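A.B. asks: One structure, pasted below without further comment.
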Amino acid sequence: MSFDFEARHMIEALRSGIPSRAVGQCFSEARPQMLEDIVSRLDSVVSDETSEGLIISGKYGEGKTHLLNTVFNVAHKNNMVVSMLSLSKETPLDKLYLVYQKLVSNTYLPNRLQPGFVQELSRLTPNAKLTSDLLLFAATQLETDRLYYLLRSLVNTDDQDEQFLLQTDLEGDFVANLQIKKIYRRIFNEKVSFNVNFAKTKHTQDYVAFLSHLFKQLGYKGWVILFDESELVGRLGKKTRLKAYNNMAHFLFPPKQLESTFSMFAFTSSYVEDVIEAKKEFQNLSEAYPEDEEPMKSVLEAIIDAPQLDPLSEDEIFEVLEKIILFHGKAYDWKPEVHLETMFSTVESGGYLLRSKIRSAIEYLDQLLLYGDVGKSSFAQLSQESFAEDAESSFPIEAE
């Protein structure tokens, strides 16, 4: 008996409900119109060398993360760097320096299985054209010139401890300003004075912009940044939510320093009702920033206007089922003899969530493989799902 381990991985990922890039690569036909729009935006970012952002919205379990994984694969095929992260208590959007750390640790270069970009810095030598370009950008295009001194020190130091320290700074483990000045002075015997004193709470966006330029100069076509579980912004307090919206604006309405970058946020569809309306976000904004509501107001409007992931059509579900049958057969070395219409009606009774339909389909095939017949024990339980369960599963809204 022979097994296709890639297919086995695919089935087990689908069974667990944990999205993966492999699943996104093989199940990329769903919601073709939305995907076509996203691909068009990626093409524009590459061809016009501009940056833009997008918010998508959908119910819990309807495939938001799956769509992000599909975009991940599309971007890599287009020779774009991709970063994908989930917002969380440890990665709150109001603290961009924490987001940057997680962003860097989840950055994948094309054709690389492991995250990371620091190895690319070995291409930098003191007299290289690439180094000169990056130094010019760091000195003239950012709010603070700290990165100029850091990069010039990194390229010219022969001390391994200093190299490690400066590299980890680029990865978000920021070292003290004084430390960079000391290293620079040791190497070049010159006193350093930053044009603006760097603070990670204020200037982390400089690092994001620098990476976008670095990736372009390394020969990649652009950078795609994917934020999952963005609805967790709703757990923050009133003031910190407004900070988070302001940080979102850097990605949705990027400054010119951010080069060929496409950012995408996935929100649950209940966010508008449960947070923006229930917590009176527009009123909070006008009270906190009576003279200057932008760009936070535009972010709120973008969340409200975000395109929705509609439930899959019957034809799209049939396409998904056919692929599940194919992979299940490869995974367990058998040839499923399945009447697709019968399987479809069973899956439809297995719950309204896409995730539940997929699990029902796999259980259907499991029972057919093991017993040659399909029972009804598990499907009856799955069919008891309700929208209340959906809302519970997304995130609790704290009273203010």
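The values are calculated or read from the model by the stated rules, or taken from the named source; none is laboratory data. Quick caveat: nothing in here was measured; it's all calculated off a predicted structure. Note that each Cβ is placed from the backbone with ideal geometry, even for glycine, and that neighbours are counted across all protein chains shown.
A.B. asks: Would you point out which residue out of ASP145, ASP173 is surrounded by fewer than 13 Cβ atoms within 10 Å (Cβ to Cβ) and under 29 Å from LEU226 (Cα atoms)?
C.D. replies: Being surrounded by fewer than 13 Cβ atoms within 10 Å (Cβ to Cβ) and under 29 Å from LEU226 (Cα atoms) holds for just one of ASP145, ASP173, which is ASP173.
A.B. asks: What are the residue pairs meeting all of these: first residue in segment 285-300, first residue farther than 26 Å from ALA266 by Cα, second residue small (Gly, Ala, Ser), Cβ atoms under 7 Å, and 6 or more apart or on different chains?
C.D. replies: Sorted first by the residue in segment 285-300, then by its partner, the list stays empty.
A.B. asks: Right, here's the next one. Which residue out of TYR371, TYR364, TYR332 is surrounded by fewer than 17 Cβ atoms within 10 Å (Cβ to Cβ), at pLDDT 70 or above and not assigned by TED's automatic domain parsing to the domain that holds GLU281?
C.D. replies: TYR371
A.B. asks: Next question, about the same structure. Can you tell me which residue within segment 160-170, out of those that are buried (at least 18 other Cβ atoms within 10 Å of the Cβ) and hydrophobic (A, V, I, L, M, F, W, C), is nearest to the chain's Cα centre (by Cα)?
C.D. replies: Across segment 160-170, the extreme among qualifying residues is LEU170.
Residue-wise test of (1) without any contact (Cβ under 8 Å) to a residue 40 or more places away in the chain; (2) of a type in the set (A, V, I, L, M); (3) under 17 Å from PHE215 (Cβ atoms); (4) not assigned by TED's automatic domain parsing to the domain that holds LEU321.
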{"position": "ILE56", "(1), (2), (3), (4)": "no, yes, no, yes"}
{"position": "TYR60", "(1), (2), (3), (4)": "no, no, no, yes"}
{"position": "LEU67", "(1), (2), (3), (4)": "no, yes, no, yes"}
{"position": "GLU90", "(1), (2), (3), (4)": "yes, no, no, yes"}
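A.B. asks: Counting only residues that are outside any loop (DSSP other than H, G, I, E, B) and polar (S, T, N, Q), which one in segment 159-190 is farthest from TYR149 (Cα to Cα)?
C.D. replies: GLN160
A.B. asks: I'd like the full set of residues that are of a type in the set (D, E, K, R) and either outside any helix (DSSP H, G or I) or within 28 Å of SER86 (Cβ to Cβ) (or both), limited to segment 98-142.
C.D. replies: First, pick out the residues of segment 98-142 that are of a type in the set (D, E, K, R): 102, 112, 120, 123, 129, 133.
Those that are of a type in the set (D, E, K, R) and either outside any helix (DSSP H, G or I) or within 28 Å of SER86 (Cβ to Cβ) (or both): LYS102, ARG112, GLU120.
A.B. asks: Could you say which residue among PHE344, PHE282 is outside the structural domain of TYR100 (by TED's automatic domain parsing), surrounded by fewer than 21 Cβ atoms within 10 Å (Cβ to Cβ) and in contact with a Leu (Cβ under 8 Å, 6 or more places away or on another chain)?
C.D. replies: Criteria check complete, one pass: PHE344.
A.B. asks: Right, next: Residues of segment 68-92 being touching a strand residue (DSSP E or B) at 6+ places or on another chain (Cβ under 7 Å) and part of a helix (DSSP H, G or I), which ones?
C.D. replies: LEU68, VAL71, PHE72, ALA75, HIS76
Rundown of residues vs (1) over 15 Å from the mean Cα position of the chain (by Cα); (2) outside the structural domain of ASP48 (by TED's automatic domain parsing), yes/no style:
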position	(1), (2)
PHE210	yes, yes
PHE227	no, no
SER230	no, no
LEU236	yes, no
THR240	yes, no
ALA244	yes, no
MET248	no, no
PHE251	no, no
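A.B. asks: State yes or no: is GLU273 farther than 17 Å from LEU87 by Cβ, free of Cβ contacts under 8 Å to residues at least 12 places away in the same chain and out of contact with any Cys (no Cβ under 9 Å at 6 or more places or on another chain)?
C.D. replies: Working: farther than 17 Å from LEU87 by Cβ: yes; free of Cβ contacts under 8 Å to residues at least 12 places away in the same chain: yes; out of contact with any Cys (no Cβ under 9 Å at 6 or more places or on another chain): yes.
So GLU273 fits the description; yes.
A.B. asks: Would you check if there is a residue in segment 191-206 being out of contact with any helix residue (DSSP H, G or I) (no Cβ under 7 Å at 6 or more places or on another chain), surrounded by fewer than 15 Cβ atoms within 10 Å (Cβ to Cβ) and part of a helix (DSSP H, G or I)?
C.D. replies: Yes - at least one qualifying residue is present in segment 191-206.
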